[in-house]
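Working notes for the structure below.
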Amino acid sequence: MFLLLYLGIFAASLAVGPLIDHLGYKMNLLVSSLIVASAMVSFAGAHSFGAATAAAILLGLGGGGLNTSTNALVSDLYGEQRGPMLNLLGIFFGVGAISVPLLATTIEGHFTISQLFLLCAVLAVGCALWYAAISFPLAKTKQAFSWRELLSVAKYDGVLLLAFLLFLESGNEACIGGWTSTYVSATGYSPRIATLVLVAYWAALMLSRMLAAGVLRRVGKSHLVVATALLSLGGCAILLAARSLGLLVAGTALIGLSYGPIFPTTLAIAGDRYSQRAGTVFGLLFSIALIGGMMFPWAFGQVSQRVSVRAGMIVPGLGAVCIIGLSLAIRSRERHSTVMPRPGDARS
């Protein structure tokens, strides 16, 4: 079911990007919200594995559409301030990831699981109604939708460099978010302590995005990505060597602080360079990043199974090294890549 969920997100990220450029934000946000609502209703009424997997695919399609649309919209609206604002937007992803499960746990004794799904459907419909009532920027182009255009943006100067950086970053975030509790437990601490260490990671990640919104008003985007990439390698090294609880918390928190700004700030760099095709470019970036998010935890698990859980931490460490290299390459090319090539320009 999780695989199908991610496949839905992947498909939506690829398709919604060009649709944003051709149809605008309103229709994509509205339809994506309604798809999420239908997925929640489907989960509420699911009484078989087949019905639940269909709901998972719907949720992936709607969630992927919302993810791409909201990031592209913020990038479009805020121009020179897109770096700080995309980091602020990223905070709400973490808030939702923490608060909605906690809310579900809190009210679980008063409502059935099906009723909780229906409550989520009501929230999604509320968002759809809100999107229907407000105005959005117009579509970037009136040309017909074409999958060939999606492939053509991959040839824009620097797009794949940004895409592979996000591939690595998404993979690293998925590794730490998915394996930290297991890693701490394997060191000899209780599940409760392991959960608290994981909470420290998410809290640090959200805090760093809040701080990045202010830092980016004084520091260049590529400078921040390079600096946080270096910090992430230090955090991985601490976590790899950690035996005490203090070092486990310190390493995890440092990783959270360093990871937080990398993804949204890299998106802001893309928004600066490719503003006329932001939707299509963002869709491509999210799709490639999602592949990293699926592959890295699997690689961590393979290393853990064959060697040890501690050795698995080498995977995000190597990812951090590669991110440093790519961020330095982006920084060195930044002065030469400030203008998006015209559609049809096939430079690579």
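The values are calculated or read from the model by the stated rules, or taken from the named source; none is laboratory data. Predicted model only: the values in this text are computed from it and were never measured. Glycine also receives a Cβ, built like all others from the backbone with ideal geometry; neighbour counts cover every protein chain displayed. Accessible surface areas use protein heavy atoms only, side chains included; no ligands, DNA or RNA. Shrake-Rupley method; radii C 1.70, N 1.55, O 1.52, S 1.80 Å.
Ranking Met85, Met27, Met313 from most to least accessible surface, computed with a 1.4 Å probe over the protein chains only, gives Met27, Met85, Met313. Does the range 161-220 come out rounded, prolate or oblate, given a ≥ b ≥ c as the square roots of the eigenvalues of its C-alpha gyration tensor, rounded meaning a/c under 1.5 and, failing that, prolate meaning a/b above b/c? Verdict is oblate for the range 161-220. A helix-only calculation puts the chain at -28500 deg cm²/dmol for mean residue ellipticity at 222 nm, using -39500 (n - 2.57) for each DSSP H run of at least four residues, averaged over all residues.
Here the chain exposes an accessible surface that is 72 percent carbon and sulfur, computed with a 1.4 Å probe and the other protein chains kept in place.
Mean sequence separation of contacting Cα pairs (under 8 Å, at least six apart), scaled by the length of the chain, corresponds to a relative contact order of 27 percent.
Residues His223, His110 ordered from highest to lowest accessible area at a 1.4 Å probe: His110, His223. Accessible area ranking (1.4 Å probe, heavy atoms, ligands and nucleic acids excluded), largest first, for Arg310, Arg243, Arg273, Arg333: Arg243, Arg333, Arg310, Arg273. Springs between Cα atoms under 10 Å define the GNM used for the chain, and in it the highest mean-square fluctuation of Ser135, Ser69, Ser13 occurs at Ser135.
Exposure check, 1.4 Å probe, all protein chains in place: Asp272 carries approximately 60 Å² of accessible surface.
For the chain, what class follows from the C-alpha gyration tensor (a ≥ b ≥ c being the square roots of its eigenvalues): rounded when a/c is under 1.5, otherwise prolate if a/b is larger than b/c, else oblate? The shape class here is oblate. Look at the dipole of the chain built from charges on Cβ: of Thr112, Gly312, Leu34, the Cα furthest out on the positive end belongs to Gly312.
Between Trp130 and Leu247, the simple spin-label model (points 7 angstrom out along Cα→Cβ) gives 4.5 nm. A 1.4 Å probe run over the protein chains yields, for the chain, 46 Å² of accessible area per residue, whole-number rounding.
Note on Thr228: accessible area is roughly 10 Å² with a 1.4 Å probe, heavy atoms of protein only.
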